[in-house]
Amino acid sequence: MSQSGRFAFQKQKVSLAVALGMTTSFGAGEAFAQDTTPSTNETDSSIKLPAVRVRGEGDAGVAAGNTNSSTLNISRMPASVRDTPQTITVVPHEIIKEQRVFTLDQALANVPGITLSTGEGNGGMNGDQFRIRGLQARQDMYTDGLRDFGTYTRDIFNTEDVQVIKGPTGEYFGAGNVGGVINQSLKHAHAGTDYNYDQAFGSASMYRGAGDVNYQINDDIALRINGMYNRQGVADRKRTTSNRYGTAVDLGVGLHSKTFWHLNWQWFNSDSVPDYGVPFVQMADGVYRPITSHGLARDTSYARSFDRDKNNVHTLTSLLKSEVTRWFTISNDTRLTKYDREYAATTPAACSFANGCAPSFFAGGNPTFPYGAGGGVGYRQDGWAAQNILMGTAKVKTGIVSQEIKAGVDVEYAYDNRHYGTWVNRSNIQTLRDPDYSYPNTRLTFPDTGQRVASSRDVGLFLSDRIKVGKYVSLFGTGRWDSFVSTYNSASVASGLQSQRADRWSPSGSIMVNPLETVSFYFTFARSYKPIGTDVAGTVTNNVNSADVASDTKDFKPQRSDLFEFGSKADFLHKRLGATLSFFRINETNTYYYDTNGDIAVGQGDAGSGRRIQGVELSLTGKITKDWNIYGSYSYLDGKVTHSTTGDNGKQAPQISHNNFSLWTSYDLSRALLNPGWGQLKVAGGAQYASGYWAGPATAQLYRMPYMFNLNGMLSWEMKHYRVSFNANNITNRLNYGSAFSGRTVPSAGRTFIGNIGLTF
């Protein structure tokens, strides 16, 4: 699978150039492969590829980094990004390695159109809180196509690559997603034996070690073990830590058989201090802007000595697939998750004229101001979840018509038990410029009246049919029916157990035309639903009357999201360079949003707001020359509020940045600067940009975020068993903001340096 030394520019057909001149597009792929990590150079000893079943001629795009050739490890979807009629962005393993990416949010910085919300809901939901094209993807995170339950900051030590499937995908993933899903491909055992270790150190006392061992027991069985420890602060942010530990074990059986099985166990633990950022400050024009952009020191932190975020997550995953006959395959994927969390965070409120904070601050004073959400929530949480997907795939051919039919059942259950705490001796007022950190007499108790219990159950039946007519036309039809039930019970509410039910269809239809072997055009329609109560692990179970939980007295209609997308995917240079282009519109109705207490805003109980998000996305990935790789993407998004009970019709939708781009390019200097046998010398760099946007969740346009810009670079040298690299991030030391939510925003890390030493045997 390594890159051939014979890669070079080759003359392309004029017809191909004309066809692709205006249709550059991206994608990401699919199918259940045992691993998809590409290696871009024969001397790259840091990545060992597993055995992958290959029928026919190999795909040169995999080795070149063309993400059109990527697979998704989601067997109920098409086989690759190239074959999927929808926008998919892949962050491949080579980019993760070169950028020294350690967490999921860092990886997703390479994906245009993703924003973050911090601590939505009474300060109790810190962790990975992503929005795709401005639409909530709070619990729409998957690994190997199965839901990744729980709310926590995800480390990617056990991840090969990350895929973002943009747009509603309920036909594949069921109730819950309206803007898209994020899927990580886990590291699986593969043929061959190798040992890898990386030791990184960097700014803000960052110290990280990661080991990866794959041992082949016999021809058909292998064992892979990954481990990680990470201790660090955040550059230019006081009193914030991110300490994480994890282990993963994968047993692969049947590596060269028609029936293969992976059993994967992963344990993840974190003991960190969460950062809820700084207040927005109200300006003379009434608009709120980040206070650190207007005079407050960027390292100011409102975290207090009793704040903590302790997670413990165990996940057991079984992936079984068997080729029963040449035309029929059956698979069964199962996941069990057990998690617990102890959490306490401080939530700064906005600095406004109404509370006297803003005029005093601009006059050079040090005013006091109240914390938001009653000072921030504290709770203990434990829960468990299970999912099983049984599916059959049949391939049928009649004359010039060939079909791939997939049908199956997806059963999922989640249970969450949360005890909200009561604070003793806590102050909810603080000075703005020099907040106190130490509170030795403050403690948190957990009375029985603070217990909240929520559960969800979903049974989904799905059927898809891909019909290929001749060489040039493919028709896709997919439908899924979900029966979803959620329950909620609060010890402080006399009404007892509450429940809600939603039964819905999620259909999709597509047509794909391939006028040339390397060019495709497609049109897709898809619809998804998100009922109340789908996010039991991450939602706020505070108020039975207005929170995102089941209620017997309110008819919370599910959110609905409709996608219309036209696009093209194309390959150049014998598939070594891939391009994509897509135009899309998403119409979302009944969108629920939350106030600072985490409750659904007044008026949303019967009819939520409507959104229309439309735009264009394009990308270019792979090899331009033998030594020059590129990974770039751009998106333009336009979001409008189409319906609002608060009179905000026609306003720009929140959490949507108009212009977004990400570029990362690398060049192999080995042939130019090194003698043969002296290894590989590589230089890389890139930039990330997102224009300013209105922070949410409300549609009133009160909080304005500035643009984000990051300039990053990397230098690495690898020789046989050894590798050394040096990364510089945010080289210009720009004050960026990673996330925002209703009155507060979190400054990102300043200029950061990372050094890494690695060994491979």
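The table that follows gives values for the structure above.
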{"read-out": "Filter result for G127 (modelled with pLDDT under 80 and in contact with a helix residue (DSSP H, G or I) (Cβ under 6 Å, 6 or more places away or on another chain))", "value": "no"}
{"read-out": "Residue list for region 710-743, filter: modelled with pLDDT under 95 and among the charged types (D, E, K, R)", "value": "K720"}
{"read-out": "Test: Q282 is in contact with a helix residue (DSSP H, G or I) (Cβ under 8 Å, 6 or more places away or on another chain) and not aliphatic (A, V, I, L, M)", "value": "yes"}
{"read-out": "Matching entry among G180, G211 (being of a type in the set (G, A, S), in contact with a strand residue (DSSP E or B) (Cβ under 7 Å, 6 or more places away or on another chain) and modelled with pLDDT under 95)", "value": "G180"}
{"read-out": "Checking Y529 against (1) surrounded by fewer than 23 Cβ atoms within 10 Å (Cβ to Cβ); (2) at pLDDT 85 or above, the condition it does not meet", "value": "(1)"}
{"read-out": "Selection within region 87-109 - more than 21 Å from Y207 (Cα to Cα), at pLDDT below 95 and open to solvent by less than 10 Å² (accessible area, probe 1.4 Å)", "value": "L108"}
{"read-out": "Residue check for V549: within 30 Å of T84 (Cβ to Cβ), out of contact with any Asp or Glu (no Cβ under 7 Å at 6 or more places or on another chain) and modelled with pLDDT of 75 or more", "value": "no"}
{"read-out": "Residue within region 43-51 that is buried (at least 24 other Cβ atoms within 10 Å of the Cβ), hydrophobic (A, V, I, L, M, F, W, C) and either over 21 Å from the mean Cα position of the chain (by Cα) or modelled with pLDDT of 90 or more (or both) present", "value": "no"}
{"read-out": "All positions within region 432-460 that are within 21 Å of K238 (Cα to Cα) and either of a type outside the set (G, A, S) or at pLDDT below 90 (or both)", "value": "L432, R433, D434, P435, D436, Y437, Y439, P440, T442"}
{"read-out": "Number of the exception - G758 against (1) in a strand (DSSP E or B); (2) of a type outside the set (K, R); (3) under 20 Å from Q129 (Cβ atoms)", "value": "(3)"}
{"read-out": "Enumeration of residues in region 157-175 that are among the hydrophobic types (A, V, I, L, M, F, W, C) and either within 11 Å of the chain's Cα centre (by Cα) or open to solvent by 10 Å² or more (accessible area, probe 1.4 Å) (or both)", "value": "F157, V162, V164, I165, A175"}
{"read-out": "Qualifying position, being modelled with pLDDT of 90 or more and over 24 Å from L516 (Cα atoms), among N629, N597, N590", "value": "N629"}
{"read-out": "Verdict on S486 being at pLDDT below 95 and in contact with a helix residue (DSSP H, G or I) (Cβ under 8 Å, 6 or more places away or on another chain)", "value": "no"}
{"read-out": "Contacts under 8 angstrom Cβ, first residue in region 396-418 being free of Cβ contacts under 8 Å to residues at least 12 places away in the same chain and farther than 29 Å from T449 by Cα, partner open to solvent by 50 Å² or more (accessible area, probe 1.4 Å) and in a strand (DSSP E or B), 6 or more apart", "value": "K397/Q403"}
{"read-out": "Test: residue in region 419-437 that is crowded, with 18+ Cβ neighbours inside 10 Å and aliphatic (A, V, I, L, M)", "value": "yes"}
{"read-out": "Strands (runs of 3 or more DSSP E) enclosed by region 230-288 - at least 1 residues per element that are open to solvent by less than 50 Å² (accessible area, probe 1.4 Å) and over 30 Å from F369 (Cα atoms)", "value": "244-253, 259-272"}
{"read-out": "Residue within region 395-413 that is within 30 Å of D333 (Cβ to Cβ), open to solvent by 70 Å² or more (accessible area, probe 1.4 Å), charged (D, E, K, R) and touching a strand residue (DSSP E or B) at 6+ places or on another chain (Cβ under 8 Å) present", "value": "yes"}
{"read-out": "Any hit, region 658-673, residues being basic (K, R), closer than 29 Å to N727 by Cα and modelled with pLDDT of 95 or more", "value": "no"}
{"read-out": "Region 58-85 - residue that is among the β-branched types (V, I, T) and over 18 Å from L319 (Cβ atoms) and, of those, farthest from the chain's Cα centre (by Cα)", "value": "V62"}
{"read-out": "Matching residues in region 645-669 - criterion: being in contact with a Pro (Cβ under 9 Å, 6 or more places away or on another chain) and among the hydroxyl-bearing types (S, T, Y)", "value": "S657, S662"}
{"read-out": "Subset of region 471-506 (residues that are among the polar types (S, T, N, Q) and touching a residue at least 40 places away in the same chain (Cβ under 8 Å))", "value": "S474, T478, S486, T487, S490, S492, S495, Q498, S499, Q500, S506"}
{"read-out": "Of residues in region 733-754 being open to solvent by 10 Å² or more (accessible area, probe 1.4 Å) and among the small types (G, A, S), the one farthest from the chain's Cα centre (by Cα)", "value": "S742"}
{"read-out": "Subset of region 719-732 (residues that are under 28 Å from H294 (Cβ atoms) and surrounded by 15 or more Cβ atoms within 10 Å (Cβ to Cβ))", "value": "A728, N729, N730, I731"}
{"read-out": "Test: residue in region 646-659 that is out of contact with any strand residue (DSSP E or B) (no Cβ under 7 Å at 6 or more places or on another chain), surrounded by fewer than 17 Cβ atoms within 10 Å (Cβ to Cβ) and closer than 21 Å to E588 by Cα", "value": "yes"}
{"read-out": "One residue from G286, G364, G295, G277 being on the phi > 0 side of the Ramachandran plot and touching a Ser or Thr at 6+ places or on another chain (Cβ under 7 Å)", "value": "G277"}
{"read-out": "Residue within region 418-432 that is closer than 23 Å to A526 by Cα and out of contact with any Asp or Glu (no Cβ under 8 Å at 6 or more places or on another chain) present", "value": "no"}
{"read-out": "Tabulated pairs, region 423-437, first without any contact (Cβ under 8 Å) to a residue 24 or more places away in the chain, second open to solvent by 50 Å² or more (accessible area, probe 1.4 Å) and of a type in the set (K, R), C-beta under 6 angstrom, 6+ apart or interchain", "value": "V424/R443"}
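Yes/no per residue for (1) modelled with pLDDT under 90; (2) more than 21 Å from S455 (Cα to Cα); (3) in contact with a Leu (Cβ under 6 Å, 6 or more places away or on another chain):
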site	(1), (2), (3)
L135	yes, yes, no
M141	no, no, no
G150	yes, no, no
T153	yes, yes, no
Y172	no, yes, no
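The values are calculated or read from the model by the stated rules, or taken from the named source; none is laboratory data. For clarity, every value in this text was computed on a predicted model and none was experimentally measured. Reconstructed Cβ throughout: ideal geometry from the backbone, glycine too, with neighbour counts over all protein chains shown. We work out accessible area using only protein heavy atoms, side chains counted, and drop any ligands, DNA or RNA first. Shrake-Rupley method; radii C 1.70, N 1.55, O 1.52, S 1.80 Å.
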